[in-house]
Structure formats: C-alpha cells, structure tokens
Amino acid sequence: AQEKKIFTVQGPYPIIRRLLRARGWVERKLPRMGRQLEQHCGDQNKQQLQTGPSNGGGRQREEEEQCDEDPDGIHDLMSYLARDQLPNFIWTNFLEAVDCQLLQEDSVVNHHARVDAFTTKEGLCLSLQNLPWIEQADPNTFFPRCYRLGTMDDREAFIEDFRLTAARSLLKLALEEAGDRTVRTEQVPNFAKGAGESHISHPKHSTARPGSPLYPELVEEALEVCKQHLDVLQHQDIDRSTPSPCRTCIDWDRFLQQYYRVAHEGAGLVLTRQQRKQCQNLLQSLAEKLPQLDMEGKLNVWILKPGAESQGRGIICMMRLEEMLQLAWSCTAPSVQVGRWVVQKYVERLLTIFGTKFDIRQWFVVTDWKPLTVWFYRDCYLRFCSRPFSLHHLERARHLCNVSVQKWYKTSPDQDPRVPPDKIWSNEQFQEYLAQVGQADAWHQVLVPGMKAAILNTLRSARDRVRFRKGNFELYGADFLVGEDCQPWLLEINSCPTMSPSSAVTRRLCANVQRDTLCLVLDRKDNPTCSIGAFELIYKE
C-alpha cells in the first residue's frame, strides 16, 4: 500500500533519497530549517558541507545534480500529496533531529539513543574500562590504553602508566643502543663529568653531542621499577597490599627528565653484561603480561583527544607528561570543556605502506540490541596521511588519517609516489599489497577476525547504557590502525559515518553500503533470503 511507503530524509543523503524513490517510496519533505540541524552531524555533515578549498564547490554541485532527478516534477507532486502522512522510514544525520510527532509505532529510524556510550571518545574509554567486568575479554588486546583526564582516578592511573611505560622504554632503548658494545665489566663505570666523557650515540634519535651526560643509574632504577611492576602483575589476583611500583623512592621528576634526554635528545646509556641479561629477561616476562608492550614502542608517545569531538578536531600527539597535563587543564582549547580530554597510548610500532601511516574505516550495522544483532560489511577502505610517518615529527599531516584533516594538506615532496594521490585505497588494493609483501593470509586470518572481535566486545561493553527502539537500526564506521604484526587496534567508532565521496573508491563503496543497508533493513523483513550485498551476520544472541 502506498501509505506504507512514506519516507523522510534529513541531511545531504542524495543516494538514500534516490534509492528509496526507485523503490516506489514517496518522500515527505520537511520544512527547510536552514543549516543549523545539519551542522550538528559531526562525522557525517561537517565532512559533506565543509569539503575543503579544493573541491567543495564541485562536490556540492555533484550532490545537487544527484538530487535533481525529477525533471517532470512527479516526485515533488507525490511529496505534496504525502505532506500530511507520517513517514514509515526516517534516515537522518542525528537522532535529535527527528520530531517525535513524526514517529508511528512501526516507523523505522536509522539511529538508536544513548549510543554515545561507545561513539564518543569518553564513552568508548569508559565502556571498555568496564569490559572485563562484563565479558571474559581484555580490552588491552585490541584498544590502546586510554584514560579520561577529567576524573581523578583515571588521571592518577595515567600518570602511573606514563611512568611505567617510560621505565620499560628505557630498557628497550638501552638494549637497542648498547648492541654488542656492552661494557665488559660487572661494575657500571663511574663516568667523570666533562669533556672526557664518552657516549654511545642513539642510532635513531638526535645525535648526542660529545660530553653529553650518561645516566648509568637510570637503567638500574628502570630495572627496579619494572621488577616491582612484574611482581604486581604476577600476583594481581592475590589479595595483598603490594605497593605501586610508581610509589617507590625514585624521584620521578628527575627520572623522566633524564629519560627525555635519552629518548628524545640522544643522551647516552651504558649497560653491564648482567644488566643486559636482566633487561632481556624482564622485557620478555612483561610481554607475557602486557599485550601492548610491543606496539607501545620506546618513545612514550601519547595522543590527546577532546572527549566528544570528531573528525580529528583538537587532537594532538605529545611525549612529555607535564605538557600533557598542562594542556588538558589549560584554556588553550576554548571549544573543549576543561577536563573533558582523553589521553591514549599512541601505536608507535604500526604497519606503514610506502613509509606512510594509514587507518581503516570499517562499517557495521546493529539491527537490534535485544537480542544484540550485528552485521559486518565485507568492504572497507584505507585512508593515508599526506606526509611520511615519523615519530620525531608529530604534526597532524603525518599522524591523523581523517579525510577531514588530510584534505587541508598537500602531499609532501618526500612522500613516496606510490601513495595514491587521493590518499584512499580499497580493501582489495590493501590485500594485493599484503600479498606482495608476503602477508597474503593476514587479511582473512588476522585483520578481519580482529576487527570483528573488537567491534563485538565494544558493543557488549556498552549495551546496557544504550536505549534502543525495536525496528530501528544504525550504520556505524569503526576506525582501526594496523600494528606491525597486522593486529588491528580500534581507535574509535563513529555514529553517522561520512557518506561523502572523497575519491573514486569511496564514491563506489559509500553508494554500495547505503544500497546494501536498505536491503538489509527493508527487504529482509519480508524475505529473509534476499540479497544483502556485502553484509554478513557476525553475531546474534
């Protein structure tokens, strides 16, 4: 019946509008309310409306042309006749834009309520902290360590984590730096200050000047801290009052300042044979307890993010504890409420392609929360940075893969010419690349299973806080980094992922996922065996 096929679209979704019209649906058009609603959309609308200086006008014209497919006015006439009928299907850029008076009992809306429990950086951080209490799963195996700096407990936990990471990093640096040049004595030499000092230069960091200080006591202190931490980890299930390794007698301010000199300024380190063996054994034992020990690297880089922003706004990479704490509590970012920052461990040992950082945008749909029902999209795309990856240059062009960030940067002259000019790859292109570098099985055996598990664990951790409505659904975009071992690391999950085409790849894939989503939520109701394109059911309770 015609009255059962009325739809409403809010926001620039020309493909959804076109597909529904082609199905014989009639649009109930809403009064024009300016751009204020569309500006709330975050990942979707700001990407589509602020398309950057190079192609904004062209893309806007393209969207207008896509919408101008009613030359005889038939759709406009039908819309006029349907103006007093309530829509059965609503596709909008955010739930708050939906007028409750428009909803019928059987209306389908493309959003659930209270999904900020996993679609904001603060919400995701909190939900995954609680995951071990809900599921037998460890978030540290797929989500880089994350803390909310606005809460005292999290802030103190972050300070302790930063210190422990510095101690582990120092052991890694000492082993790397010493190599085969270990001091052949069981006693650490007492280096005299002055021009006569020798030093071991750091091969991957700023070269130390002759006479730069050596810190023989640093390794001993780092070893002691790591030993205490390992003891805590090995006995964490036993009720005992083990003091925190960060509450030892070490002067942490001095330790960190000297660590910065070693890690970032090329100051030297020396090791005895005994210390070298201790470092190797201790790091090996810690690796069995700390799933992130390899990916965390050795420079202690962290990434600060405003808790509720999207599209890379306000994100900054930093290496020094005092500067991070100062930034989080300063007024330098007026758009961010004081204290509403999260800080997350940066994945230092990541897979790069042609020397360039990339991430993966992976779609999935939740069609029900009770029982939890999740559909994974088999196609996805990669987003490249504009400049070669380097941990010694922390500017956004090298480290934030968001299209909304990278569109402002021209490709640098030192970028490998094999990086695609539009900075986008399909998953098929990525699989071809993996095969070329001898990792042909990594996509299906490591990456895809890892992404599926991360998505499901995240949804389970947040489901008690989500308010759902039967019949509704939601399409999400999850962002993943890839470690050197091809392990996927979840960064964030976006409600309302952008459907704006920034390349030939995304033009095809964004159109496909919208088409397949409609098949999934409309056609499957009456025909469970119908085609749902690239979607696959990965979980139903």
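A few comments on the model shown:
- Relative contact order (%) - the stretch 410-522, alpha-carbon pairs under 8 angstrom, separation at least six: 22
- Sequence-distant lysines (8 or more away, or on other chains) whose Cα lies within less than 19 Å of Lys227: Lys172, Lys277, Lys289, Lys298
- Theoretical FRET efficiency, 1/(1+(r/R0)^6), r = Cβ-Cβ of Asn140 and Gln85, R0 60 Å, to 0.05: 0.70
- Averaged over its residues, the stretch 246-291 has an accessible area of 48 Å² per residue, based on protein heavy atoms and a 1.4 Å probe.
- Per residue, the convex hull spanned by the Cα atoms of the stretch 374-440 measures out at 133 cubic angstrom.
- For the stretch 471-518, the orientation-averaged shadow of the C-alpha convex hull comes to 4.6 nm² (one quarter of the hull surface).
- Residues whose placed amide H lies under 5 Å from that of Tyr539, excluding near-sequence neighbours: Val374
- Its residue count N sets the reference 2.2 N^0.38 Å, and the alpha-carbon radius of gyration of the stretch 340-422 equals 1.36 times that reference.
The values are calculated or read from the model by the stated rules, or taken from the named source; none is laboratory data. All figures in this text were calculated on a predicted structure; none of them were measured in a lab. Positions of Cβ are backbone-derived with ideal geometry, glycine not excepted, and every protein chain shown enters the neighbour counts. With ligands, DNA and RNA removed, areas are computed over all heavy atoms of the protein, side chains included. Shrake-Rupley method; radii C 1.70, N 1.55, O 1.52, S 1.80 Å.
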